[in-house]
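Here's the structure, in structure tokens; my notes come after.
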Amino acid sequence: MPKPTVNKRIQVLSAIFRPAVMMMDRFKYAHKFILVSLVFMVPICLLFYVFFAERNASVQLTEREKTGVAYSMALNDVLLQVQEHRSLASVQLLGMGSFEDAAASNQEELSAAILRVDELFAADSRYPTLKEEWQSLKEEWNSISQTYSNLSPSESNVLHSNWTASLLEFNRLVADQTNLNLDPEIASSYLVEALTSTVPRLAEDVSLSQSLATGLIVSKEMTASDDEKLITHINSITEGIQNLRRVEQAIYRGEPALEAVLSEPITAYIDISERLAEYVKIVRSNHILDMDPTTVLEMELQSTEARLALKGALSQELYAILDQRVTADKVSAGLTITMIAVVFLVAAYLFVGFYFAVRHAVSKLRDASTAIASGDLTVQANLKGKDELSEVGTAFDSMVEKWRAIIRENQQMASDLAESSKQLLTASQQAAQSSDQITNEMAEAANMAETQLSGAEQSTRAMQEIATGISRIAESSSSVAESSAEATQRAQAGNGAIGEVSSQMSSISDTMDKLATVVQEMGDKSRKIEEIVGVISEISQQTQLLSLNASIEAARAGEHGRGFTVVAAEVKKLAEQSRSSTFEIADIVRDILITVDHAVMSMKDSVQEVAKGRQLAGETGQSFASIMAAVEHVNMQVQEISAAAEEISAGSEQVSASLDEMLDITRKNTDITQNVSAAAEEQLASNEEISASSESLQSMAARLQKEMNQFKV
């Protein structure tokens, strides 16, 4: 079960990474490395960008905090001078003119402090809202500075206190806008809190208490409302001191080293603030009649000095921390850049080395493949290393070794194939020649079979015509036989009548050769019939001559030859009938010979030996004897003709049947011959294709052998 799961996972991974594989397959190694480098560089560069952006943001934040510290320091100076101005204004409004020089000095310092704030806003355009708010505060202060002399001490204190409250709120707003309140470190954040909130508010409470106490001491009067104010200020001072101590401890927790620097100024400021609080408590205890206001002013002066010392220490340490932070951020950025550069150089070096290693391996594989493609199978990749390409090189060398063995076998097989193809080509050429000869012979046999079929058909038609002619011959022979029989009877009667007058006629002998074959016999018998017809015609002529001679002899004999005249007339009549029949038979035979169209090419000439009685010298008996012999001979010939006609008819029927059978066989042979001829032609075409294929095989074997011989094994 685990195996299918692994295969399935591999299939899933292959499907997931198929687009990447398809894309990478389109590039060369250099482009692949560049693409992969860019892909890796983009997120790394983004991370570096984010890192440097954060470092830069941290530096900018710290710089903004330093700006905020500068604003806060300048505003604290303004606050200090306004608080001093409030105290001096109260003294002046109470009629204590001895502080006029101090008031003038305070006015100059206050103007200088305000000018420093103006310069900060003029040099920095990032805070237009704060600048407008500051301009509003300045206008309000200008109004106070112009009208406070016409007010009562309490009214002046209220105006000053309201303005200082606005200034403290503006200071908090500046701290927010300059990100002072967003400082990320404990020590610096509490330093900011001490510098912008805790110390200024404690100083404001101390200043208000000192101003109220100074007025009470000068006026020597204190109402219940004044007492409540004193209690409130004392509680505020106490709370402010507690907040300062809380902030102090928090600063030390964040940066213990600052305790050695800040402990003394913080303690000094707390001490003077506590002393002022105790002094205010004394004022609240109705001892104002015995108190000197200069004591309060001196304590306020000491508080101002302690406050300035604390402000300087806090601002200095805060600046130091912020500068250190900026330096640390810059050093961190520099170290990061250096490390990144080193890492990039090392990575680039290794990446380029990796590229050249891969390129070297691929080049060796390419060179080896090129050598193999050119036929050199003696090369090997011999890749060194332990990576996958080395495994490919090892597999490549193993493959080349196997190819080498295969090529050796193929070379031997190519040689054997070339030899076999030569033999096959020779055999196929011989087979093609034999097939060509067989095809020609079969074509000739087919032509002969067609000729034989045509001749058989003609012979069949001729035999049919011959059979018809033979039937006619038989009919004529029957008629001749009847005439011959009647002539014989009359000749016998004449022979009996004339007795010794008749002379023995010479017998006519005719010999015919028998037909060697059915067709030859038919031709021979046809020609024999023609000869017999000629003999009969001659006999008829002789008979006519004899009858003519008999008539002449009878005429010579006179009365005694009158009977011979009648007999001679009858004999002449019979001779004419025989001659007419012979002519008809001759015509029929000629028609048969013409119809056969030389079907019977050779006929043997019949040897006829006719013994004629030439010496009739007056012996009518010999003439009649000759007529008797001739008539009997004619009768025999007619019978023989009739028998021959019957034999010919039977033979013609046999020949016709044989010809029909031979015609069927000839047709079948013709069809078979044509089929065999077509098959022979197909066989010839196949042999020609085999011959062509053999030639192609011979050519391919030669090319294969040539290609195999290119390989060096």
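The values are calculated or read from the model by the stated rules, or taken from the named source; none is laboratory data. Bear in mind that the values here come from a model prediction, so they are computed numbers and not experimental data. Neighbour counts are summed over all protein chains in view; Cβ atoms, including those assigned to glycine, are modelled from backbone coordinates with ideal geometry.
Among the candidates ARG116, ARG64, ARG126, single out the residue that is surrounded by fewer than 21 Cβ atoms within 10 Å (Cβ to Cβ), assigned to a loop (DSSP other than H, G, I, E, B) and not small (Gly, Ala, Ser). Outline the logic, then answer.
Values: ARG116 fails: assigned to a loop (DSSP other than H, G, I, E, B); ARG64 fails: assigned to a loop (DSSP other than H, G, I, E, B).
Of the residues listed, the single one that is surrounded by fewer than 21 Cβ atoms within 10 Å (Cβ to Cβ), assigned to a loop (DSSP other than H, G, I, E, B) and not small (Gly, Ala, Ser) is ARG126.
What number of residues in segment 233-254 are touching a Leu at 6+ places or on another chain (Cβ under 9 Å) and β-branched (Val, Ile, Thr)?
Of the residues in that region, 4 qualify.
Determine the pairs where a residue that is within 7 Å of LEU93 (Cβ to Cβ), located within segment 146-160, has a partner that is of a type outside the set (Ser, Thr, Tyr) and not in a helix (DSSP H, G or I) with Cβ atoms under 6 Å apart, the partner being 6 or more residues away or on another chain.
Going by the 6 Å Cβ cut-off, the qualifying pairs are PRO153/LEU94.
Can you find even one residue in segment 137-146 that is aromatic (Phe, Trp, Tyr), at pLDDT below 90, buried (at least 20 other Cβ atoms within 10 Å of the Cβ) and in a helix (DSSP H, G or I)?
No.
Search segment 33-62 for residues that are more than 28 Å from ALA357 (Cβ to Cβ) and modelled with pLDDT of 80 or more and pair each with any residue that is among the charged types (D, E, K, R) and not in a helix (DSSP H, G or I) when their beta-carbon atoms are under 9 Å apart and the residues are at least 6 apart or on different chains.
Hits for this filter: LEU61/ASP183; THR62/ASP183.
Just to confirm my filter: which helices (runs of 4 or more DSSP H) fall fully inside segment 197-284 and include at least 3 residues that are closer than 14 Å to LEU314 by Cβ and among the β-branched types (Val, Ile, Thr)? Write out each step before concluding.
Working: elements: 199-219, 224-254, 259-284.
It comes to 259-284.
Taking VAL158 as the residue in question, decide whether it is surrounded by fewer than 22 Cβ atoms within 10 Å (Cβ to Cβ) and not basic (Lys, Arg).
yes
Can you confirm whether segment 352-368 contains a residue that is surrounded by fewer than 11 Cβ atoms within 10 Å (Cβ to Cβ) and either assigned to a helix (DSSP H, G or I) or not small (Gly, Ala, Ser) (or both)?
yes
Filter segment 381-402 down to residues that are more than 24 Å from GLY353 (Cβ to Cβ) and polar (S, T, N, Q), then give me how many there are.
1
With among the small types (Gly, Ala, Ser), in a helix (DSSP H, G or I) and within 30 Å of LEU208 (Cα to Cα) as the only criterion, which of SER72, SER58 stands out? Quick ask: steps written out before the conclusion?
Working: SER58 fails: within 30 Å of LEU208 (Cα to Cα).
Just a single option satisfies the conditions, and that option is SER72.
Might you let me know whether segment 297-320 holds any residue that is part of a helix (DSSP H, G or I) and either under 60 Å from the mean Cα position of the chain (by Cα) or within 17 Å of PHE51 (Cα to Cα) (or both)?
So far as segment 297-320 goes, no, none of its residues is part of a helix (DSSP H, G or I) and either under 60 Å from the mean Cα position of the chain (by Cα) or within 17 Å of PHE51 (Cα to Cα) (or both).
Residues in segment 168-197 that are in contact with a Phe, Trp or Tyr (Cβ under 9 Å, 6 or more places away or on another chain) and surrounded by fewer than 22 Cβ atoms within 10 Å (Cβ to Cβ): how many?
Counting residues in segment 168-197 that are in contact with a Phe, Trp or Tyr (Cβ under 9 Å, 6 or more places away or on another chain) and surrounded by fewer than 22 Cβ atoms within 10 Å (Cβ to Cβ) gives 3.
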